Amino acid sequence: MISLIFFELRRNQLFDQFVANVLVDNGFKAWIDNIAWSPEIFITSFTALFFLFFIVTGLLIKLFTYVFRVQVYFQQTFLAGLWSSSHYLFLMPCVILFQRLMRIDFFMTLAVIICVIMAAWHVIRIFRILKIIYNVSWNKILIIFGGLLIAIIAIISIRYSRNHDMFNLMEYSEKIYQSRNYSFD
């Protein structure tokens, strides 16, 4: 779905400016621009990044097993990380449906909303896994890991805002949303 969004918006100047403001490293932005033109490479690259994310998630779950004094093997934590993302399989039929409809701005907006909902669902599933693995209550999970997640997002946002004026991104987002021609600008 992300590959479709980038492919359809690859010629949009406002989207390009938005991505340039989000990805301040020119090399990384150039790489994203190049793979946006080739959905096959985009999908392959992001699949590799997701597997790296699963490994990092497994390592973090394993790290916190020492805090909660629970014995879990790394293989189990890695499988738990994979399970937390199994809901993304529901996107396969959506991608097939959206492939031709992405040129209509309603479906582009709907695709972005679906991606955000799926990401939020992923976080909820990770919290559920943590509850099961550590055998603690929802309150502890929400306070410890929810607080940790909010603190990390806040620290990154504040630092990013100070260094790169993040609030101008909101104006770009509004212009992109109001743009009626995603593909042919």
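Please treat every number below as a calculation from the coordinates, not as lab data. What you are looking at is a predicted structure, and each value in this text was computed from that prediction instead of being measured. Every residue, glycine among them, receives a Cβ derived from its backbone with ideal geometry; neighbour counts consider all protein chains shown.
For the chain, find the longest principal axis of its Cα atoms and tell me its angle to the long axis of helix 39-68, 0 to 90°, nearest 10.
It is inclined by approximately 20 degrees.
Using the charge dipole of segment 2-178 (Lys, Arg: +1 at Cβ; Asp, Glu: -1 at Cβ; taken about the Cα centre), state which of Ile113, Ala30, Ile150 has its Cα farthest towards the positive end.
Selected residue: Ile150.
Normalised by the residues of segment 1-155, what does the relative contact order come to in percent, with Cα pairs under 8 Å and at least six apart? Provide the component values of the computation, followed by the final result.
Details: 90 pairs, mean separation 37.4, N = 155.
Value for segment 1-155: 24 percent.
So if each residue of separation counts as 0.36 nm, and I subtract the Cα-Cα distance between Asp25 and Leu97, what length gain in nm does that give?
Values: separation 72, 0.36 × 72 = 25.92 nm, distance 3.37 nm.
Extra length available between Asp25 and Leu97 comes to 22.5 nm.
P(r) tail for segment 2-178, what percent of Cα pairs lie past 27 Å? Write down the numbers at each step before the final one.
Working: 6088 of 15576 pairs.
Taking all Cα-Cα pairs of segment 2-178, the fraction more than 27 Å apart is 39 percent.
I need Val123, Val95 ordered by Cβ neighbour count within 10 Å, fewest first.
Details: Val123 13, Val95 16.
Neighbour counts put them in this order, fewest first: Val123, Val95.
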